[in-house]
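S.K.: Handing you a structure now.
The values are calculated or read from the model by the stated rules, or taken from the named source; none is laboratory data. Since the model is a prediction, treat every value here as computed from it, not as a measurement. Here Cβ is always computed from backbone atoms with ideal geometry, including for glycine, and neighbour counts include all displayed protein chains.
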Amino acid sequence: MPGFVLLVRERGDGDPAMRYGITVTKKIGGAVIRNRMKRRFRVLARALLPAHGIAGADHVLIGREGGIERDFTLLHAELTKALGKIMTRPIDPPRDSSRGKKRPVKSQAPTLPAQSQ
């Protein structure tokens, strides 16, 4: 969508609660602009996610440059459309959380070099 990017990922932990996150980078503008944009996204998420969101999934709204100038009703319609598109697509299952993590190294007793006298 022109005002934001929506990412949705199912958690797979059995909890049906919907969670959301909002991020707006410094590229968008100063702190006042970013906070205003986050407030608008927060209101949209609280209004639309209970009815249109996916249970047991994390929803992330990423602000785009044109999002702050967009009309609120237009953003509302775009988020409704984006959530509708998400509902028609199959959601990827959560990845194995152990992948990519380093294994613990077995601890070995330190060996000291022999001292000569």
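S.K.: Please determine, by comparing only the residues of the stretch 1-32 that are assigned to a strand (DSSP E or B) and among the charged types (D, E, K, R), which one is nearest to P50 (Cα to Cα).
M.R.: Filtering the stretch 1-32 for residues assigned to a strand (DSSP E or B) gives 4-10, 19-23.
So of that shortlist, the ones also among the charged types (D, E, K, R) come out as 9-10, 19.
On the way: R9: 16, E10: 15, R19: 10 Å.
Of everything passing the filter in the stretch 1-32, R19 is nearest to P50 (Cα to Cα).
S.K.: Same structure again: How many residues does the stretch 50-72 hold that are over 14 Å from the mean Cα position of the chain (by Cα) and in contact (Cβ under 8 Å) with a residue 24 or more places away in the chain?
M.R.: Initially, the stretch 50-72 is screened for residues over 14 Å from the mean Cα position of the chain (by Cα), giving 50-52, 55, 64-72.
Filter once more, so that each one left must be in contact (Cβ under 8 Å) with a residue 24 or more places away in the chain: 50, 52, 55, 64-68, 70, 72.
Residues that pass the stated criteria total 10.
S.K.: What residue, among those in the stretch 59-117 that are touching a Gly at 6+ places or on another chain (Cβ under 9 Å), under 24 Å from V32 (Cα atoms) and assigned to a loop (DSSP other than H, G, I, E, B), is modelled with the lowest pLDDT?
M.R.: Checking each candidate, the answer is I68.
S.K.: Has the stretch 33-49 got any residue that is within 17 Å of L75 (Cβ to Cβ), in contact with a helix residue (DSSP H, G or I) (Cβ under 9 Å, 6 or more places away or on another chain) and not in a helix (DSSP H, G or I)? Give the derivation first.
M.R.: Step one: filter the stretch 33-49 for residues within 17 Å of L75 (Cβ to Cβ), giving 33-49.
This time we only want the ones that are in contact with a helix residue (DSSP H, G or I) (Cβ under 9 Å, 6 or more places away or on another chain), so: 37, 40-41, 43-45, 47-49.
Next cut, not in a helix (DSSP H, G or I) only: none.
No, the conditions are met nowhere in the stretch 33-49.
S.K.: Looking at R40, R36, which is the one that is crowded, with 17+ Cβ neighbours inside 10 Å and among the basic types (K, R)? Walk me through it before giving the result.
M.R.: On the way: R36 fails: crowded, with 17+ Cβ neighbours inside 10 Å.
The unique qualifying residue is R40.
S.K.: I'd like the full set of residues that are within 14 Å of G3 (Cβ to Cβ) and surrounded by 15 or more Cβ atoms within 10 Å (Cβ to Cβ), limited to the stretch 49-72. Give the derivation first.
M.R.: Applying the first criterion (within 14 Å of G3 (Cβ to Cβ)) to the stretch 49-72 yields 61-72.
Answer for the stretch 49-72, where residues must be within 14 Å of G3 (Cβ to Cβ) and surrounded by 15 or more Cβ atoms within 10 Å (Cβ to Cβ): L61, I62, G63, R64, G67, I68, R70.
S.K.: Could I ask something else about it? Quick one: count up the residues across the stretch 21-33 that are out of contact with any Gly (no Cβ under 8 Å at 6 or more places or on another chain) and surrounded by 13 or more Cβ atoms within 10 Å (Cβ to Cβ).
M.R.: 2
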